[in-house]
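So the structure is just underneath, and the comments pick up after that.
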Amino acid sequence: MKIVSFRVRKFRNIQDSSEIELTSNLNCIVGKNQSGKTSLLRALHKFNPHDKQETYNIRREWPRGERRKQNPKQVVSEIKFQLDPAEKEHLSTLASEKMTTDIVLVTKDYEGSLEIYFPEQPTLFPDRLHPNTIDRICADLPKLSEPVAEAFSNVVHDCKEELSRLAREGRFSSLTACKADHDAKLRAGMTQGNPSPQHQNETTFINEHLTKIDQISSELQKAPTMRREAHDYVVSQIPTFIYMDDYREFEGTAILDQVRARQKSKQPTADDETFLMILELAGLSLDDLIRQGQSQQKDELHERQLNLDDGARTLTKDVAGRWGQNPYQVEFRADGQTFFTEIEESGKQIGMIPLSEQSKGFRWFFSFDLRFMHDSEGTFEGCVLLLDEPGLHLHPGGQEDLLKRLDAYAEKNALIYTTHLPFLIDLREPSRIHVIREDAEGAVVTDDLSASGPDEKLTLQAALGMKLNQHFLVAQKNIVVEGADDFYILVELSNLFHRSSKQGIPNEIEISAAGGASEAVYLATFMVGQNLETVALFDSDKAGREAEERLRTKWLTRYKGTRSRTILLAQAAGMDSQEDFAIEDLFSESYYLERFLESHKEKIRERGIAEIKPVGNGLLCNRIGRACEQAGILYNKGSVAKLIQRDLRKMKDISELEPQTIEKATKLIGSLCSAFQR
């Protein structure tokens, strides 16, 4: 089952988190410290933890100040799951009607009771036996052995039909009340006269039939209903929820007999628990290691080291290199009662280094991989991973590496992590980002980025600049373009229009470049989410049209009252809306080709090419790109754009532009300015 949404209520500082939809396997919850991020993950973790001792505690976790309202039946977490095809197929065999839904809602209250619901088909699993179950149990009624009288056979048929009807009606207790009536009816239909084979068969059947009625009644009353069968199956399929905060690390060293003493007194530390888990994963026995360490016999000590070597190889095989980071080898050593863990990274000629001397980031990953392996029972998949503020110790570059690692974790698992760090906000998909904030009623989670508080807005705005490595400011009014080429040309055209006393883009409007059409979508989305007035300008090609539609229909509609909008270049420049058009198409083919030849002259000379002409139809830059590909030349749009930028800077008046460029540029700038006035 795959988690698709969740909701937490009445847990610590959370009254009602609201339903949080998860549109992908990787999801981020942004919030300041003390906003309720940890409470949210803890509530989810206790929904189905690997350690079943982790239960809700109403005395400690019920919201403060509401003691009189405590209710053990209060649902804490409700989670919607999507069934996979095999799960749906199995449940279909248990259902009372054709199953068309693949969504199941599971709730858990403070008492720990799990309940299942199918919101789209609430009558799918009624609290009665499935007809197939009844037929299977009733099929155990004795069968007649021939010969018997026809009249007796007819009475037998009627008796069986009555039992089946009562069973289907759920009147199981009425079955045994039928015994006397069936006894009388069956005996009345028996063959009369002296004992005969018929008479003997009929007598045997009556005795077996009356005995079976009691057995069938008992079996039917014990048999699970459709609801119970569905409940038990769904609960068995719930994924394990694994929680880890930033401090669950293993330093690599342990004093064996001290660990055992704390274990026996039921006071193990977090390091002890991680160490014991490592021994379990490596197939090593704490008691054996202690006993062998106390021995003075060389054979015992030698055997201990052999076991340590084999355990280290076992762990290395299962964990190291699984997620694509630098592969490493684990080694265990022991001196008396002191246990050491050392690591050797492949490709580094520095030998074994104690785990305690590895970077904090490596220790965190190492510890998490071990916990993940333990709690997923070695599968590394099908779990819900809950990471509370990961990467606090990492520098910005390391935090970006962590995002890549989280992608790997999320390939076969759902992953939810919390953060207040700009570099840990994954901007590739705005729908992955949720904001947690506190209001008068408690912590609430939303994917409406405009509803975030000042601290969350600061984090999101910092992510805008930092993640995209921009040197542009985020202003109240913004134009988002697809790339640097658009930025260079649009800015210089606007400046030229200003110098010519014509309408240019006002100075209060900042222009920001994304890294392509899809990246422009989430950059614009974040700006809109921060209540910034934003116009997104897209090329009129397949990628640009798809991105424009996505931003306009999926995101802008979510922010009621927004003054932001999207624009396609062809319409903005006064061209046919069906025509492919990019920023380069503002200029004539001859002018652009001249700048291309100038910027690529060395490459052209090296190839010994006399002439290059655009190939095919569509965008001018694409036509030149095809010509370059045929000629074996690497085409660099950016170098051409910089030469155009140079030309525009040198011009004193728009009259120096070609007439067709003046016309198109005037309409484009006018369209952008008008967009902010609507």
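Please treat every number below as a calculation from the coordinates, not as lab data. Every value quoted in this text rests on a predicted model; they were computed, and no experiment measured them. All Cβ positions, even for glycine, are placed from backbone atoms using ideal geometry, and neighbour counts span all protein chains on display.
Per the Kirkwood definition applied to all pairs of different Cα atoms, how many angstroms is the hydrodynamic radius of segment 481-565? Walk me through the intermediate numbers first.
Values: mean 1/r = 0.0738 Å⁻¹.
Its Kirkwood hydrodynamic radius stands at 13.6 Å.
Taking θ as phi - 60°, what are the ³J(HN,Hα) couplings along segment 363-376 by the Karplus curve (6.51, -1.76, 1.60), each to the nearest whole Hz, with x for Gly and Pro?
The phi angles translate into 4, 5, 5, 4, 5, 5, 4, 5, 5, 4, 4, 5, 6, 8 Hz.
In nanometres, what is the gap between the two model label sites at Lys404 and Ala151, each 7 Å from Cα along Cα-to-Cβ?
It works out to 9.1 nm between the two label points.
What lysines does Lys360 reach when the alpha-carbon gap must be under 22 Å and sequence neighbours fewer than 8 apart in one chain are set aside?
Correct list for Lys360: Lys348, Lys404.
When the Cα centres of segment 622-653 and segment 500-537 are compared, how far apart do they sit, in Å?
Here the two parts' Cα centres lie 24 Å apart.
Treating cross-link reach as a plain straight distance, find the lysines whose alpha-carbon is under 22 Å from the alpha-carbon of Lys160, omitting any fewer than eight places away in the same chain.
Lys143, Lys179, Lys185, Lys212, Lys222
Run the quick spin-label model on Asp288 and His393: label points 7 Å from Cα toward the beta carbon, then report their separation in nm to one decimal.
My value for the distance between the label points is 3.1 nm.
With just the Cα atoms of segment 468-678, tell me how far they stretch along each of the three principal axes, in Å, largest first.
Principal axes ranked by extent give 58, 37, 35 Å for the Cα atoms.
Would you list Met352, Met190 from fewest to most Cβ contacts within 10 Å?
Details: Met352 15, Met190 19.
Least to most surrounded, the residues fall as Met352, Met190.
How much net charge surrounds Ser501 when only the other residues with a Cβ under 13 Å from the Cβ of Ser501 are counted, with Lys and Arg +1 and Asp and Glu -1? If you can, show how the numbers build up before the last one.
Working: positive: Arg499, Lys502, Lys652; negative: Asp653.
After counting each charged neighbour, the total is +2.
With a Förster radius of 51 Å, plug the Cβ-Cβ distance of Gln305 and Tyr233 into 1/(1 + (r/R0)^6) and report the FRET value to the nearest 0.05.
Details: r = 48 Å, r/R0 = 0.94.
Here the calculated transfer efficiency is 0.60.
Could you please state, rounded to a whole Å, how far the C-alpha centre of segment 145-208 is from the C-alpha centre of segment 50-99?
Cα centroid to Cα centroid, the span is 48 Å.
By how many degrees, 0 to 90 and rounded to 10, does the Cα axis of helix 484-499 deviate from the longest principal axis of the chain?
Helix 484-499 sits roughly 40 degrees off the main axis of the chain.
Taking the C-alpha atoms of segment 131-224, how large are the radius of gyration and the largest Cα-Cα span, Dmax, in Å?
Calculated on Cα positions, Rg and Dmax stand at 13.5, 47 Å.
Go through 287-298, 70-81 and give me the packing order, highest mean Cβ count within 10 Å leading.
On the way: 287-298: 13.6, 70-81: 17.7.
Highest-to-lowest ranking by the protection proxy: 70-81, 287-298.
Could you tell me the relative contact order of the chain? Use alpha-carbon pairs under 8 Å, at least six residues apart, and round to a whole percent. Each step should come with its number before you reach the end.
Numbers: 1100 pairs, mean separation 85.6, N = 678.
Dividing the mean separation by the residue count of the chain yields 13 percent.
Which listed residue (Tyr635, Met651, Ile624) has the Cα farthest towards the positive end of the charge dipole for segment 623-665, taking +1 on Lys and Arg C-beta and -1 on Asp and Glu C-beta about the Cα centre?
Tyr635
For every other residue with a beta carbon closer than 13 angstrom to the beta carbon of Pro72, add +1 if it is Lys or Arg and -1 if Asp or Glu, then tell me the sum.
Values: positive: Lys10, Arg59, Lys69, Lys73, Lys108; negative: Glu61, Asp109, Glu111.
Taking every Cβ under 13 Å from that of Pro72, the sum is +2.
Lys179 to Gln476: extension gain in nm, 0.36 nm per residue of separation minus the Cα-Cα distance? Can you show the working numbers first?
Working: separation 297, 0.36 × 297 = 106.92 nm, distance 8.49 nm.
This chain segment gains 98.4 nm when fully extended.
Consider the candidate values (1) 1.06; (2) 1.02; (3) 1.38; state which one is Cα Rg over 2.2 N^0.38 Å computed from the structure displayed.
After the calculation, the listed value that fits is (3).
Pairs to check: Lys264/Lys412; Lys32/Lys554; Lys502/Lys664. Give those whose C-alpha atoms are more than 25 Å from each other in this structure. Present the calculation step by step, with values, prior to reporting the outcome.
Numbers: Lys264/Lys412 37 Å; Lys32/Lys554 27 Å; Lys502/Lys664 14 Å.
Beyond 25 Å between Cα atoms: Lys264/Lys412; Lys32/Lys554.
Under the rule of -39500 (n - 2.57) per DSSP H run of 4 or more residues, summed and divided by the residues of the chain, what mean residue ellipticity at 222 nm is obtained, to the nearest 500 deg cm²/dmol?
-14000 deg cm²/dmol
Would segment 269-319 count as rounded, prolate or oblate if I go by the C-alpha gyration tensor, calling it rounded below 1.5 in a/c and otherwise prolate when a/b exceeds b/c, oblate otherwise?
Numbers: a/c = 3.50, a/b = 1.40, b/c = 2.49.
Oblate, since a/c reaches 1.5 and b/c is not below a/b.
Run the simple label-point estimate for Leu634 and Asp647 please: 7 Å along Cα→C-beta, distance reported in nm.
If labels sit at Leu634 and Asp647, their model points lie 2.5 nm apart.
Express the Stokes-Einstein translational diffusion coefficient of segment 59-192 in µm² s⁻¹, to the nearest whole number, given a Kirkwood radius over alpha-carbon pairs, 25 °C and a viscosity of 0.890 mPa s.
Numbers: Rh = 19.5 Å.
Estimated via Stokes-Einstein, D reaches 126 µm²/s.
Give me the number: length gained by fully extending Lys667 to Lys264, i.e. 0.36 nm times residue separation minus the C-alpha to C-alpha distance, one decimal in nm. Could the numbers behind the result be given before it?
Numbers: separation 403, 0.36 × 403 = 145.08 nm, distance 8.00 nm.
Full-extension gain reported as 137.1 nm.
What does the charge count around Gly293 come to, taking other residues whose C-beta lies under 9 Å from its C-beta (Lys +1, Arg +1, Asp -1, Glu -1)?
Working: positive: Arg291, Arg304; negative: Asp257, Glu300, Asp335.
Every neighbour counted, the sum reads -1.
Need the full-extension length gain, Thr100 to Ser295, defined as separation in residues times 0.36 nm minus the C-alpha distance. One decimal, nm.
On the way: separation 195, 0.36 × 195 = 70.20 nm, distance 6.60 nm.
That pair, Thr100 and Ser295, stretches by 63.6 nm at full extension.
How high is the FRET efficiency from Thr553 to Ala484, r the C-beta distance, R0 30 Å, rounded to 0.05?
Numbers: r = 27 Å, r/R0 = 0.91.
Using R0 = 30 Å, I get an efficiency of 0.65.
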